[in-house]
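Working notes, beginning with the structure itself.
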Amino acid sequence: MRQVIGSIDPIAIRLGPLEIAWYGIIIVIGMFLAVWLSMREANKRGIDEDFIVDLAFWIIPAGIIGARLYYVLFELPTYLANPIRIFYFWEGGLAIYGGLIGGGLVLYWYSKKRQVPVWLLLDIIGPHVLLAQAIGRWGNFVNQEAHGGEVTRQFLEGLRLPQFIIEQMNINGTYYHPTFLYESIWNLIGVILLMTLRAKNTFFRRGEVFLSYLAWYGLGRFFIEGMRTDSLYLGNFRVSQLLSLVLLVGSIGLIIYRRLYVYPTPPYYTEGIEPDRKFEEKRKRYESKQKQNQ
């Protein structure tokens with residue numbers, strides 16, 4: 001394990017042999033805020049707050065498992081040499097894209113099981129997941145990981161950063177790009193934009209809040225990933241950059257396709273399940289008339 005020189009102890013609490021890391025505390029804070037904000041938004045849209053709590057009990061473990069499996073998959077030779085290390089979460093190695101995939105699959109299954117509109121649910125939680133990601137990056141800051149290439153202290157001072165950030169970017173006597181900070185700020189800007197536009201109730205159609213979240217995150221992550229020194233690779237390509245590009249192009253393309261070629265989806269602000277059923281009846285009548293005219 002490398003020796004680090006920084007201003008922050010990664011262990012927040014020591015109780016005898018028990019150690020609680022800042023990384024875990026920060027991640028839990030992000031998750032709590034995402035669940036709490038999603039409960040409030042769900043209540044406005046006619047979805048029981050308890051549904052969000054129940055969903056969290058499923059989606060959070062699935063997200064953690066997905067994040068770990070994703071990382072292990074792209075570092076497979078290392079873990080095959082010592083398989084027990086797959087379970088050593090405390091050593092690091094959680095990939096956000098794996099978490100999104102694992103959590104997304106469980107969300108789809110659970111929403112179908114409980115008969116809650118999938119796109120509406122995704123729109124509700126999307127901006128709050130982005131907020132949790134912005135907060136979670138500060139866990140990387142404490143651990144002095146997920147940073148970029150070497151820079152000078154003068155460069156960091158030129159960014160007008162607080163001294164505690166500059167000192168924490170000093171690793172073994174070398175200063176590095178605080179890419180955690182770049183991504184955290186980018187995500188926070190996205191949260192503000194998405195929640196502001198969502199609140200207008202006329203800007204987004206159903207599903208477009210979530211798709212815009214994917215596009216925003218994909219755009220920022222594509223460029224920030226190119227600065228990092230710990231990327232997972234597929235051949236000569238950074239995996240996260242490839243996925244970011246897919247998210248960006250795919251989400252924008254899907255928004256355009258749904259706007260131009262799909263019968264209008266319900267507005268995001270439709271409240272509750274009953275209006276969705278009425279909209280579905282309207283859609284079926286439209287399709288029936290289209291068939292009659294052919």
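FYI, it's all coordinate maths here, none of it is from the lab. Nothing here was measured: the structure is a model prediction, and the numbers come from that model. All Cβ positions, glycine included, derive from the backbone under ideal geometry; neighbour counts span all protein chains shown.
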Inset, instruction - Kindly provide the helix-only [θ] at 222 nm of the chain, computed as the sum of -39,500 (n - 2.57) over DSSP H runs of four or more divided by all residues, to the nearest 500 deg cm²/dmol? - result: -22500 deg cm²/dmol
Legend entry - Fewest-first sequence of His128, His177 by Cβ atoms within 10 Å of each Cβ: His177, His128
Inset, instruction - Would you mind ranking Asp123, Asp276 by Cβ crowding within 10 Å, fewest neighbours first? - result: Asp276, Asp123
Inset, instruction - Take each complete run of DSSP H in the chain, measure how far its Cα atoms stretch along the helix's own axis, and keep only those covering 18 Å or more with mean Kyte-Doolittle hydropathy at least 0.0; list them. - result: 22-44, 49-74, 96-114, 118-143, 179-199, 208-225, 239-261
Inset, instruction - Quote to one decimal, in nm, the extra length available between Arg160 and Ile20 on full extension: 0.36 nm per residue of separation minus the C-alpha distance between them. - result: 47.3 nm
Inset, instruction - Could you tell me what fraction of 2.2 N^0.38 Å the Cα radius of gyration of segment 174-232 comes to, as a two-decimal ratio? - result: 1.37
Inset, instruction - Among Gln133, Phe155, Gly103, pick out the residue whose Cα is farthest towards the positive end of the charge dipole of the chain, where Lys and Arg carry +1 and Asp and Glu carry -1 on C-beta, about the Cα centre. - result: Gly103
Legend entry - Hull shadow area, averaged, segment 1-144 [alpha-carbon convex hull, nm²]: 10.3 nm²
Inset, instruction - Take the eigenvalues of the Cα gyration tensor for segment 120-166, scale each by 5, and report the square roots as semi-axes in whole Å, largest first. - result: 31, 11, 9
Inset, instruction - Based solely on C-alpha atoms, express the radius of gyration and the Dmax of segment 20-83 in angstrom. - result: 16.1, 51
Inset, instruction - Give me the distance in nm between label points sitting 7 Å out from Cα along the Cα-to-Cβ direction at Val249 and Lys278, one decimal. - result: 4.2 nm
Legend entry - Per-selection metrics, the chain (Cα): Rg and Dmax in Å: 21.5, 77
Legend entry - Likely footprinting exposure, Phe279, Phe210, Phe204, fewest C-beta neighbours within 10 Å first: Phe279, Phe204, Phe210
Legend entry - Subset of Lys200/Lys289; Lys112/Lys289; Lys44/Lys200; Lys44/Lys112 violating a 23 Å alpha-carbon distance limit: Lys200/Lys289; Lys112/Lys289
Inset, instruction - Pull up all non-local amide H partners of Tyr175: gap of 5 or more, or a different chain, and H-to-H distance under 5 Å with H placed in the peptide plane. - result: Val151
Inset, instruction - May I ask you to derive the FRET efficiency for Ile192 and Tyr233 from their Cβ-Cβ distance with R0 = 30 Å, giving the value to the nearest 0.05? - result: 0.35
